[in-house]
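Trainee: Structure in structure tokens, see below.
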Amino acid sequence: MDKFSGGTVDISKVRAVVYHLPDGGSFAVPIEGSEQFVELGFGKVCDTSEIDGFIHFFPRGNA
């Protein structure tokens with residue numbers, strides 16, 4: 001398990017991180033093989049990895 005923005009996320013169930021941009025757009029970044037490089041920064045995290053394998057990240061200013 002790794003910590004994201006103060007919360008604990010079980011990385012083994014995460015397929016991708018979805019970044020929600022301030023302009024309303026979003027993009028997904030697969031994390032397979034690069035789990036140790038994921039740094040989300042300041043913002044809100046919505047962990048739906050148990051359901052669909054995604055973590056949704058809303059950066060500060062868009063949270």
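The values are calculated or read from the model by the stated rules, or taken from the named source; none is laboratory data. Here the structure is a predicted model, which is why all the values come from computation and not from measurement.
Trainee: Specify the residue that is modelled with the lowest pLDDT; the eligible residues are those in segment 1-20 that are in a loop (DSSP other than H, G, I, E, B) and small (G, A, S).
Mentor: So the residue we want is S5.
Trainee: Please determine, by comparing only the residues of segment 10-27 that are within 9 Å of the chain's Cα centre (by Cα) and not hydroxyl-bearing (S, T, Y), which one is nearest to I51 (Cα to Cα).
Mentor: If we take residues in segment 10-27 being within 9 Å of the chain's Cα centre (by Cα) and not hydroxyl-bearing (S, T, Y), then V14 is nearest to I51 (Cα to Cα).
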